[in-house]
Amino acid sequence: MYPLEDTIVAVSTPPGRGAIGIVRLSGPRAFEIARRVFRPRSAEPTETPAPWPVRRVLLGTFVDPIEGEPIDTGFLVLFQAPRSFTGENLAEFHLHGSPPVLRAAVELLTRLGARPAQPGEFTYRAFVHGKVDLAQAEALNDLIQADALWQARSALRHLEGHLSRTLQVWKEDLIELVARYEAAVDFGEAENIQFFAPGEAERRLDDLIEGLGGLLATYRQGRALREGLRVVIVGKPNAGKSSLFNALLREPRAIVTPLPGTTRDFITERLIVDGLAVELVDTAGVRETPEVVERLGIERTLQRIAEADLILWVLDGSVPLDAEDDAVYAVIRDKTFRAFRNKADLPAAWPPEVFTARYGTPLTGSVSCETGSGVADVMDTIRAAVREVQQTWRDHAVVVTNARHEACLRRARKALRRARYGVRTQAPEPIVLEDLRTALRALDEITGETDVEDILGRIFAQFCIGK
């Protein structure tokens, strides 16, 4: 995918000005090129300079050896293969965070034989040289991209290898099953050998299926850790959805008018609640309408409802419940929702008991977006959902956060279920063996032990340059 024989270079700190900027150089010529541009400060020059120490900070000057002009003063740290992030010889120049200085440094190192790194190329080399597996590489990118504390915590746990170690235990058990079935295919009939005790294969497959099922059950909450909790505000037109959206954000983000159907498309804002990212979505009112643009907005609303972790159902408490409210309930009845009666500053057209009798679930609370009354209760409802996600992280040593991992785990479980059915029905060993191999390949795909070039290309292309 990326040529490993090149020495690559890139700025590894974020774009913009700062106190420090780091230029990273990795590959077979990293030390040679670093020696050409860096002049350490030493007490006395010697005819035979001593080797520069590795994994120590050297103070000196970054110099253009062609022009003889200094570019900046700073530090150099050398990491010798294989004890480096990439597993190769790696040099890091810690310079001042001036964009022209960093740009000049990269251009000079390129002229001296390095190649500008592609997005994710440093981490790709770490993966190739066995410093991280693919799941850990993805976690590293998640950690860099995190905009909330719990997102970072979750990524760090995966980076430390918790998921990889769990999978390794299952894979070792699966490899043993594969080995025994291969032996049964090759020698069983001729030698009349018993490769499993009665019920052993089925019991071991049940244990693997149960373990995968338990891990898969964490994905709904795990996805919220990684991507943010999806909270969608729904209701009929003019119920006050946009007013509640603005009240929760504490700013006039959505347009609010007395006219129904003002919101024609969903509006999304991201906020941090108790250290967890929350994606708050204001949607178009759900109703039958001949108006084309509004109908398209409603279709998008239905899509957002399908993806929601929590739905806030806003009802207009100043008018009787009607068929439009029933239409909203029909869409959300199978989802996790909390219902709030809005416009509490106006005379109530129906008591909470009427809502309970009509929809078979209690009203969560009342709110007035006009006065701010009850808005804190709505936020407490969101916080309760946030705590549920956080508790899942606390209760489980490993939580699935990545959609790619979840898809691989599902494929593995499906293949193992087929294998278990084959064992129960005494299917031929080659058929069971193929299902076991399919399950093993699916687990290998998570950690990257199955070398699939298009998967690697998609994953590392998401990284920033310099990482």
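The values are calculated or read from the model by the stated rules, or taken from the named source; none is laboratory data. Model, not experiment: these values are computed from the prediction. Note: ideal-geometry Cβ built from the backbone for every residue, glycine included; neighbour counts use all protein chains shown. For the accessible areas, the whole protein counts, side chains as well, though only heavy atoms, and no ligand, DNA or RNA atoms are used. Shrake-Rupley method; radii C 1.70, N 1.55, O 1.52, S 1.80 Å.
For segment 353-376: of the residues being hydrophobic (A, V, I, L, M, F, W, C) and part of a loop (DSSP other than H, G, I, E, B), which is surrounded by the fewest Cβ atoms within 10 Å (Cβ to Cβ)?
Leu363
Inside segment 106-116, can you point out the residues that are open to solvent by less than 60 Å² (accessible area, probe 1.4 Å) and in a helix (DSSP H, G or I)?
Hits for segment 106-116 are Val106, Leu108, Leu109, Thr110.
With the requirement that a residue be among the hydroxyl-bearing types (Ser, Thr, Tyr) and over 25 Å from the mean Cα position of the chain (by Cα), what does segment 82-130 give you?
Matches in segment 82-130: Ser84, Ser98, Thr110.
Taking Gln426, is it among the polar types (S, T, N, Q) and open to solvent by 80 Å² or more (accessible area, probe 1.4 Å)? Please lay out each step first, then the result.
Values: among the polar types (S, T, N, Q): yes; open to solvent by 80 Å² or more (accessible area, probe 1.4 Å): yes.
Here the answer is yes, as Gln426 does meet what is asked.
Please go through segment 334-379 and pick out each residue that is under 21 Å from Asp322 (Cβ atoms), among the aliphatic types (A, V, I, L, M) and out of contact with any Gly (no Cβ under 9 Å at 6 or more places or on another chain).
Scanning segment 334-379 gives Val354, Ala357, Leu363.
Among the residues of segment 135-145, are any without any contact (Cβ under 8 Å) to a residue 12 or more places away in the chain, closer than 30 Å to Arg441 by Cα and open to solvent by 30 Å² or more (accessible area, probe 1.4 Å)?
Yes.
Against the definition (open to solvent by less than 50 Å² (accessible area, probe 1.4 Å), part of a strand (DSSP E or B) and under 26 Å from Val128 (Cβ atoms)), how does Ala10 come out, yes or no?
Numbers: open to solvent by less than 50 Å² (accessible area, probe 1.4 Å): yes; part of a strand (DSSP E or B): yes; under 26 Å from Val128 (Cβ atoms): yes.
Criteria met by Ala10.
Could you pull out the residue among Arg410, Arg394 that is modelled with pLDDT of 95 or more, assigned to a helix (DSSP H, G or I) and over 17 Å from the mean Cα position of the chain (by Cα)?
Numbers: Arg394 fails: modelled with pLDDT of 95 or more.
Only one candidate qualifies: Arg410.
At pLDDT 90 or above and either closer than 30 Å to Ile144 by Cβ or out of contact with any strand residue (DSSP E or B) (no Cβ under 9 Å at 6 or more places or on another chain) (or both), is that true of Leu310?
Yes; evaluated as a whole, the condition is true for this residue.
When the residues of segment 331-347 are filtered to those that are open to solvent by 70 Å² or more (accessible area, probe 1.4 Å) and not acidic (Asp, Glu), which remaining residue is farthest from Asn238 (Cα to Cα)?
Selected residue: Arg333.
Looking only at residues that are free of Cβ contacts under 8 Å to residues at least 12 places away in the same chain and among the hydrophobic types (A, V, I, L, M, F, W, C) in segment 307-350, which one is farthest from Glu279 (Cα to Cα)?
Among those residues, the one meeting the criterion is Ala323.
Got at least one residue in segment 66-80 being of a type outside the set (D, E, K, R), under 20 Å from Thr218 (Cβ atoms) and in contact with an Asp or Glu (Cβ under 6 Å, 6 or more places away or on another chain)? Walk me through it before giving the result.
So the first thing to find is which residues in segment 66-80 are of a type outside the set (D, E, K, R), and the list is 66, 68, 70-71, 73-80.
Okay, now just the ones that are also under 20 Å from Thr218 (Cβ atoms), so none.
No, the conditions are met nowhere in segment 66-80.
Name the residues in segment 117-140 that are in a helix (DSSP H, G or I) and among the aliphatic types (A, V, I, L, M), would you?
Those that are in a helix (DSSP H, G or I) and among the aliphatic types (A, V, I, L, M): Ala126, Val128, Leu134, Ala135, Ala137, Ala139, Leu140.
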